[in-house]
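Bear in mind these aren't lab numbers, they're just calculated from the coordinates by the rules spelled out. Just so it is clear, the model here is predicted, and its values are computed rather than measured. Virtual Cβ from ideal backbone geometry, glycine too; neighbours counted across all protein chains shown.
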Amino acid sequence: MPTIAAPPAADPVAELAIDTRLVRGGTRRSGNRETSEALYLTSGFVYPDAETAEAAFAGPEEGWIYTRFGNPTTAMLEDRLAMLEGAPAARATATGMAAVFAALMASVKAGDRVVASRALFGSCHYVVTKVLPRFGVEAVLVDPGSLDQWRDALKPGAAAVLFETPSNPMLDLVDIAAVAGLAHAAGARVIVDNVFATPIEQRPLALGADVVVYSATKHIDGQGRCLGGAVLGGERFIIDELQPFLRHTGPTISPFNAWVFLKGLETLGLRMERHSRSAARIAAFLGDHPKVRAVRYPWLDSHPQHAIARRQMRRGGGMVALTLDGGKAAAFRFANALRLADISPNLGDAKTLIAHPATTTHANVAADERARLGIADGSLRLSVGLEDPADLLADMERALSLA
Ligand SMILES: *Cc1c(COP(=O)(O)O)cnc(C)c1O
């Protein structure tokens, strides 16, 4: 028998405010009555007798078997994530890419079509355009903001739709409700990568999406320690289609990482409030600076899809994209001059991080496709951290004077 078990539906915390769910959702105490969630760092579980083992294997819901099939610490994370988003079910994975890949692979078969936004994270772009076609799945890419392109691409029907909003790195938006309407009319499952917005700033399921994927590596950890991911959605998809795929192909999250993410979620609301507030200040400052050619931030009036942001997001999030006059040389001078922003491909960290997409995360994307995505040689992606925003602003002002 599981020593800790309670389906999230039975948890009265599910009815409470999001800040309460972040701290208490999914918590199941063991007989030791620990305060902090217990870390079950074990690969397997033992049984008092062979009969109990037989019963556990007959129905995995009857008891824990093996961590690739399920683990009490991981289950707490899954229940807390599901509760945050109002999703019927969730499963955690080893990385964000494992979550994206599993959500797609559990949705398609040879002969199917996938319609995706062209503004995709580099590895998602690779999966859609390089991996799926090898298995007979056709991939069609569209401009994220063009409803006409979504409509045309979906006309012949599709099995799945995949997009990020805001996108990495240029913060393009997709109108979730509008694209979900078109996708559902075409018979497609809508998978949204909600990494940039986090469940705090945007709830795609409430806007019509069917599945939400996360890289927990980013804001859910929030302190740059562990890799992980999650897929959230309806019971039928998560339990009947995704779970067998995960259990038998094995992109299992370490219970240790799941435990770190449980602790990360406790402060996610507080952190996102600060990330969003500081990023909005920094975006406004950069937008007024003569050396900055363009700034992309969903909460700025200058964002071409600002109206969509106001409709579907709660705040703008912690990510800002900027393009400097002077191309790569100016971008490098600026990044190198910053003292309070580390040059790193990660994001969502307590520490402010900066990346030059054209030479790092998007170096493998062809130059004409990069141009189409608005990624110029002078473009930088900024992940605004939790430092004092006045210190960050002063640091940027100084670095811009040297750029
Ligand atoms: C980082 C990221 C991923 C991949 O997550 P990993 O945890 O690094 O595998 C997917 N989508 C977006 C938008 C990301 O930023």
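A few notes on this one:
- Magnitude of the charge dipole for the chain, about its Cα centre and with charges confined to Cβ atoms of Lys, Arg (+1) and Asp, Glu (-1), is about 840 debye.
- Helix 389-402 vs. the chain, principal-axis angle (Cα, 0 to 90°, nearest 10): 40 degrees
- Folded to 0 to 90 degrees: helix 176-185 orientation relative to the chain principal axis, Cα: 60 degrees
- Full extension of the segment from H248 to L270, taken as 0.36 nm per residue of separation minus the current Cα-Cα distance, would add 4.2 nm.
- Calculated FRET value between F135 and A206, using beta carbons and R₀ = 30 Å, to 0.05: 0.40
- Rough spin-label spacing in nm, given labels placed 7 Å along Cα→Cβ, for K291 and E54: 7.5 nm
- Percent antiparallel among DSSP beta bridges (both partners in region 120-247, rounded to 5): 40 percent
- Projected label points at R151 and Y47, each 7 Å from Cα along the beta carbon direction, are separated by 5.8 nanometres.
- For D112, net neighbour charge (Lys/Arg +1, Asp/Glu -1) across residues whose Cβ lies under 13 Å away: +2
- Centre separation in Å (Cα based) which lies between region 286-328 and region 203-244: 26 Å
- Using alpha-carbon coordinates, inclination of helix 72-85 to the longest axis of the chain, degrees: 50 degrees
- Considering only beta bridges that DSSP places wholly inside the chain, some 55 percent are antiparallel.
- Of the trypsin sites (Lys or Arg not before Pro) found in region 91-184, those in coil by DSSP whose Cβ has at most 10 other Cβ atoms within 10 Å are K109.
- Over 25 Å between alpha carbons, listed pairs K291/K328; K109/K155; K130/K328; K218/K291; K130/K155; K155/K218: K130/K328; K218/K291; K155/K218
- Remark: region 333-347, residue by residue, has Karplus-estimated 3J(HN,Hα) of 4, 5, 4, 5, 7, 5, 9, 10, 9, 8, 7, 7, x, 6, 7 Hz, where x stands for each Gly or Pro and the curve is 6.51 cos²θ - 1.76 cosθ + 1.60 at θ = phi - 60°.
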